[in-house]
1. Hey, can you tell me all the residues within segment 120-150 that are without any contact (Cβ under 8 Å) to a residue 24 or more places away in the chain and within 22 Å of residue 59 (Cα to Cα)?
2. Filter segment 343-354 for residues that are surrounded by fewer than 20 Cβ atoms within 10 Å (Cβ to Cβ) and touching a residue at least 24 places away in the same chain (Cβ under 8 Å); which is nearest to residue 45 (Cα to Cα)?
3. Failed condition for residue 133, given (1) more than 22 Å from the chain's Cα centre (by Cα); (2) more than 12 Å from residue 43 (Cα to Cα); (3) part of a helix (DSSP H, G or I), with all others met?
4. Surrounded by 19 or more Cβ atoms within 10 Å (Cβ to Cβ), at pLDDT below 95 and out of contact with any strand residue (DSSP E or B) (no Cβ under 8 Å at 6 or more places or on another chain): is that true of residue 391 in this structure?
5. Can you name the residue in segment 67-94 that is assigned to a helix (DSSP H, G or I), touching a residue at least 24 places away in the same chain (Cβ under 8 Å) and out of contact with any helix residue (DSSP H, G or I) (no Cβ under 6 Å at 6 or more places or on another chain) and, of all such residues, is nearest to residue 128 (Cα to Cα)?
6. In segment 14-66, how many are buried (at least 23 other Cβ atoms within 10 Å of the Cβ) and free of Cβ contacts under 8 Å to residues at least 60 places away in the same chain?
7. Would you mention how many residues in segment 95-119 are assigned to a helix (DSSP H, G or I) and in contact with a helix residue (DSSP H, G or I) (Cβ under 7 Å, 6 or more places away or on another chain)?
8. Can you list residue pairs whose Cβ atoms sit under 6 Å apart, with the first residue in segment 248-262 being closer than 15 Å to residue 225 by Cβ and the second being in a helix (DSSP H, G or I) and at pLDDT below 95? Count only pairs 6 or more apart in sequence or on different chains.
């Protein structure tokens, strides 16, 4: 398929990009005012927004890797959206700077105020220092950046090929890299989850904690990709590519990850409950206080049960607008999930009781600020390449699959 010019993003994307930057910029200014008056709350809210939006970008890299391993029509038609999400890594790094400064200044993590003789600090040593924390994050970004660079580079070169053999060669290189990359991605995401969120409570440990983010970031990615593809499905270019079976396949993957997310959360609860170790059980006790218990119940019914029952319906998954509406709803529940993970953790401010139910206006503003800036970068990346890999040897079959019965 050589008419690659027909598959570039429509002008609507440029308008969406401008709107996202405006909203993100205003949100950032408002958040900065909150930072001046209450730095700890502002930075905790920034973690909430950062983990949500960076999770979509890093999740896009993970799903892109998986798509090369599994193949399928959904993998071909969503590849460029996944690549654009993965290439938001530079802005993800820039948006990480407030957290790095907060850790260096002892403004957000309680372990930065623990005495060196405290048992947690003695056990973890240099690992639990601001310098080590920041260096580890730099290493995570370097690994993600290397994988993103190679996969997107070879995909771009594939567009410039003129024969099926060269195109298949680039596809083969990406597939070979994706095998070990999948393992590396899962390990690094687990470390990110521990460093960026779990260490907000330095006395809590969970061996399955990283798995919550592997499944959660994957689910966030699929929901985001479904939303973007649904928005573009009736626009020139993709209206000739996307079909109901593509959304049906993506909907099945959403269903799988909804179940996996619920399973990992239940497994963590069951193991900690049966172990009954005080250093672990307090994490759940804090999340039953005040309004946190209601948010936990909200997640059970609306992050798992409701999407699970809806996604079982085959006809629902085949309608782009319908499944996109559910995807946006799940993304909202993902934000509540991160609030549930971040909010009840202990505060540096000694006047705030452990597990206190505090939801600030900055918990709304920070995700808007981070999201606006992230989307501005994402739409810019989406405009740089055709919306489908025009020289991929499986593109024609992928299109035919999507319009089948």
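The values are calculated or read from the model by the stated rules, or taken from the named source; none is laboratory data. Fair warning: this is a prediction, and the values are worked out from it, not measured in the lab. When we count neighbours, we look across all protein chains shown, and the Cβ atoms used for this are built from the backbone with ideal geometry, even at glycine.
1. Residues satisfying the conditions are 135, 138, 139, 142, 146, 149.
2. Per the stated criteria, the residue is 347.
3. Just one mismatch for residue 133, condition (1).
4. Values: surrounded by 19 or more Cβ atoms within 10 Å (Cβ to Cβ): yes; at pLDDT below 95: yes; out of contact with any strand residue (DSSP E or B) (no Cβ under 8 Å at 6 or more places or on another chain): yes.
Yes; evaluated as a whole, the condition is true for this residue.
5. Selected residue: 90.
6. 0
7. Of the residues in segment 95-119, 10 are assigned to a helix (DSSP H, G or I) and in contact with a helix residue (DSSP H, G or I) (Cβ under 7 Å, 6 or more places away or on another chain).
8. As it stands, the answer is none, since no pair meets every condition given.
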